[in-house]
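Here's the structure, in structure tokens; my notes come after.
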Amino acid sequence: MIDLQFDTKKLQQILGPLHGFPKQVDKAARSAIRRAAPAMAKEAGVQIKGHSFLQGGAIRAAITKPLYRAEGAGLSAEVRVASKPLAMDRFRLLPRKVTARKGVRSTNWQVPGYQIGPNEPVRTIKAHGGKSKGFVIRRGGKLYLMQRRGKHLNRVFGYAVQYFAAFGVTHRAVEARAREIFEKRLEHEVHYQLGKLA
């Protein structure tokens with residue numbers, strides 16, 4: 001979850017022209033926060049895309065409709081990012097080819113790696129707990145990172161979208177963009193409310 005608190009007391013310089021008109025201050029602030037909340041969701045998607053090798057569809061599905069609240073002098077906006085653990089082959093496979101080769105013993109198969117984002121290390125799936133090392137197969141024209149446990153083949157799952165939303169760099173970028181939109185929109189709304197009072 002990315003939560004952003006706005007305190008209108010800190011924005012008195014922008015709201016100054018509406019001093020003495022509490023209803024108009026409230027209307028201006030509510031309208032500005034309604035515009036800032038969707039900007040948070042959009043920026044969260046941009047940041048996650050930049051720090052992961054996920055496709056846009058998986059990211060958009062994980063970001064909920066932004067929520068905003070206006071309580072007294074305080075305003076807040078919230079964006080939730082949540083998904084189930086994703087298959088590791090939805091990230092970048094290295095090498096991006098089938099490693100489970102017919103006629104070759106599985107112990108001699110190349111161990112594939114995966115990388116979840118451009119600044120993340122390449123990881124491998126090692127044999128442990130009765131599971132084989134990872135290997136890549138092709139089904140229906142797509143590559144899948146698998147493990148064997150006994151006679152069963154299992155797709156390898158791991159990280160969820162919210163892992164990337166928790167990055168400090170993601171939070172800072174989302175907050176900065178939301179504040180920028182909020183302050184610009186608040187200035188516009190103040191001028192609009194002043195025009196209605198004239």
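Structure above, values below:
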| item | result |
| --- | --- |
| Flag for Thr107 being modelled with pLDDT of 90 or more and either touching a helix residue (DSSP H, G or I) at 6+ places or on another chain (Cβ under 6 Å) or over 30 Å from Met40 (Cα atoms) (or both) | no |
| The stretch 174-183 - residue that is buried (at least 17 other Cβ atoms within 10 Å of the Cβ) and aliphatic (A, V, I, L, M) and, of those, nearest to Ser76 (Cα to Cα) | Ala178 |
| Residues satisfying the stated conditions in the stretch 184-198, i.e. open to solvent by less than 80 Å² (accessible area, probe 1.4 Å) and under 17 Å from His19 (Cα atoms) | Leu186, Glu189, Val190, Gln193, Leu194, Gly195, Leu197 |
| Count - residues of the stretch 104-120 that are free of Cβ contacts under 8 Å to residues at least 12 places away in the same chain and open to solvent by 90 Å² or more (accessible area, probe 1.4 Å) | 3 |
| Residue ID - most open to solvent (accessible area, probe 1.4 Å), chosen from residues in the stretch 121-141 that are closer than 26 Å to Ile59 by Cβ and free of Cβ contacts under 8 Å to residues at least 12 places away in the same chain | Arg139 |
| Check on Arg148, open to solvent by 80 Å² or more (accessible area, probe 1.4 Å) and within 23 Å of the chain's Cα centre (by Cα) | no |
| Yes/no for Leu15 being open to solvent by less than 20 Å² (accessible area, probe 1.4 Å), under 13 Å from Leu186 (Cβ atoms) and modelled with pLDDT under 90 | yes |
| Residue ID - modelled with the lowest pLDDT, chosen from residues in the stretch 30-77 that are open to solvent by 50 Å² or more (accessible area, probe 1.4 Å) and not in a helix (DSSP H, G or I) | Gly72 |
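The values are calculated or read from the model by the stated rules, or taken from the named source; none is laboratory data. Bear in mind the structure is a predicted one, so any value in this text is a computation, not a measurement. Positions of Cβ are generated from backbone atoms using ideal geometry, with glycine treated the same way; all protein chains shown enter the neighbour counts. What goes into the accessible areas is simple: the full protein's heavy atoms, side chains included, and nothing from ligands, DNA or RNA. Shrake-Rupley method; radii C 1.70, N 1.55, O 1.52, S 1.80 Å.
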